[in-house]
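Reviewing the structure listed below.
The values are calculated or read from the model by the stated rules, or taken from the named source; none is laboratory data. Treat the numbers as computed from the prediction; the structure is a model and nothing was measured. Here Cβ is always computed from backbone atoms with ideal geometry, including for glycine, and neighbour counts include all displayed protein chains.
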Amino acid sequence: MFKRAIVSAALMIVAGATPALAQQRFAISGWGGYSFSDGVDGQSVVAGNGQLYDRVDPKDGGIFGFNIGFLTPANGEVGFMYSYQFSALVFGGPTAETNVGDMGLSTYHGYFAYNFLDPDSAIRPFIFIGFGATNFGSVGYNVGNQTGSTSNETKFSSTWGAGANYFPAPKVGIRFAVRWTPTYIKSDASGWWCDPYWGCYVTGNPQYANQLDLTGGVTVRF
């Protein structure tokens, strides 16, 4: 009798878990579009061409990428997202702007997303947040009689976005999204802060380079 009860309970647990396990699927999305980008400002510098520069910016450009995520039963999603932007390094100032050379921006983020509505709905809006890094690729330059290349830099970044998938078929959807990726670059000293216990230290204003992406693509669920 005891063994029969254990077997019955085990069968009930498996039967109850089967629908939930069936909902635990993967989704892969590939997408492309355009990114609006900006950089940071700093102290004014007079370059060899006699122009005054006080900004460094990545240039707006096309972008493509993909994300792969694990879909949980509670409409959640956990995954990895990669993107590459075709850009250039631009020096800017009050009266001049110089395109130094082509530059690629790569982003790498682990992300958490929430998909609204029922998994079988034709339209599924979503929001997401991610944390990772942005890599600013090296830039080859030829200024005056000087040639060379800058080193690439990798900085901490987060990414935030929203969009929707439209599924004309159960496993294939059309994806539209907007994404904002702020990348920490530096902090400028802004003053002093003093505490009776901790003492005094310099405070700073952080500066971020930003990417705002508008993209469309395809999502496949399996």
Does Gly42 satisfy the criteria of being modelled with pLDDT under 90, touching a Lys or Arg at 6+ places or on another chain (Cβ under 7 Å) and farther than 22 Å from Asn165 by Cα? no
Can you tell me how many residues in region 147-196 are at pLDDT below 85 and not in a strand (DSSP E or B)? 2
Restricting to region 101-136, what's the tally of residues that are more than 15 Å from Met81 (Cα to Cα), touching a Ser or Thr at 6+ places or on another chain (Cβ under 8 Å) and of a type in the set (A, V, I, L, M)? 1
Looking at the structure I just gave you, is Thr95 buried (at least 21 other Cβ atoms within 10 Å of the Cβ) and either touching a residue at least 40 places away in the same chain (Cβ under 8 Å) or not in a loop (DSSP other than H, G, I, E, B) (or both)? no
Being farther than 19 Å from Gly79 by Cβ and among the polar types (S, T, N, Q) is the filter here, so list the residues in region 94-144 that pass it. Thr95, Thr98, Asn99, Ser121, Asn135, Ser138, Asn142
Only one residue in Gly110, Gly101 is of a type in the set (Gly, Ala, Ser), assigned to a strand (DSSP E or B), over 20 Å from the mean Cα position of the chain (by Cα) and surrounded by fewer than 18 Cβ atoms within 10 Å (Cβ to Cβ). Which one? Gly101
By residue number, the members of region 127-170 that are free of Cβ contacts under 8 Å to residues at least 24 places away in the same chain, closer than 25 Å to Ile68 by Cα and hydroxyl-bearing (Ser, Thr, Tyr) are Thr154
Answer yes if at least one residue in region 106-120 is touching a strand residue (DSSP E or B) at 6+ places or on another chain (Cβ under 9 Å), farther than 24 Å from Trp180 by Cβ and not acidic (Asp, Glu), and no otherwise. yes
Among the listed residues Ala74, Ala22, identify the single one that is modelled with pLDDT under 75 and surrounded by fewer than 17 Cβ atoms within 10 Å (Cβ to Cβ). Ala22
